[in-house]
Amino acid sequence: AEVTGITTITGALDANSSAEIAGITTVQDTTQASSTSTGALIVSGGAGVAKNLFVGGGAEVTGVTTITGTLDANGDLDVDGHTELDDVNVAGVTTFKDDVQFHGASGITSVSFDKSDNSLKFVDGAKARFGTGNDFFIEHDGTNTILRDTGTGDVFIGGDNNIRIMNAALSEDKARFTTDGAVELY
């Protein structure tokens with residue numbers, strides 16, 4: 001079916017084969033979609049939208065989804081599957097329930113949250129920066145672990161109990177700073 005011009009459809013529209021509609025189209029059916037096979041507008045093949053798409057209710061997307069423009073979901077947005085989003089603005093509390101990857105300048109994952117061991121992971125060369133002027137950072141460059149402060153103030157290391165610098169296995173002291181007591185260097 002090929003329709004050109006202003007089209008108003010007062011019943012359900014079911015396009016099981018090719019349907020090309022150019023112009024303004026309004027579907028005036030109050031039937032809500034309860035699955036992929038019932039509702040006012042059913043598209044069983046591919047759907048191309050060249051202009052704005054307004055979804056008044058929730059939007060549920062299953063499968064690989066790539067969005068290269070701005071995604072503005074004022075209502076619920078439930079996306080299952082692999083999703084790539086560019087320029088996403090999220091207002092309010094955002095909850096991620098699985099692994100999360102953050103890609104760096106070269107397109108590889110630089111930082112990720114690994115749900116299985118409950119950790120935030122940085123690849124070699126990825127920095128955790130702190131301070132408005134990036135005054136402090138922590139990095140592993142592939143060879144060395146670096147904690148660097150370039151700000152104007154002092155660096156404080158504090159604790160209510162003893163402070164110990166230990167070997168990698170945490171089985172032997174290299175230095176011990178005892179509260180109200182001695183400093184021991186080994």
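The values are calculated or read from the model by the stated rules, or taken from the named source; none is laboratory data. None of the values given here were measured: they were computed from a predicted structure. Quick reminder, even Gly has a Cβ in these numbers, built from the backbone with ideal geometry, and neighbours come from all protein chains shown. With ligands, DNA and RNA removed, areas are computed over all heavy atoms of the protein, side chains included. Shrake-Rupley method; radii C 1.70, N 1.55, O 1.52, S 1.80 Å.
Where Lys and Arg each count +1 and Asp and Glu each count -1, what net charge lies around Ser119 among other residues with Cβ under 15 Å from its Cβ? Net of charged neighbours comes to -2.
Nonpolar atom fraction for segment 89-186, defined as the carbon and sulfur part of the 1.4 Å probe accessible area, stands at 52 percent.
Take the Cβ atoms of Thr70 and Phe136, set R0 to 30 Å, and the FRET efficiency comes out at 0.35. Taking label points 7 Å from Cα along the Cα-to-Cβ direction, Leu170 and Val79 give a separation of 3.7 nm.
Oblate is the label for segment 137-186, because the ratio a/c of its alpha-carbon gyration tensor axes (a ≥ b ≥ c) is 1.5 or higher and a/b is not greater than b/c. Straightening the chain between Gln101 and Val155 buys 16.3 nm, computed as 0.36 nm per residue apart minus the Cα-Cα spacing.
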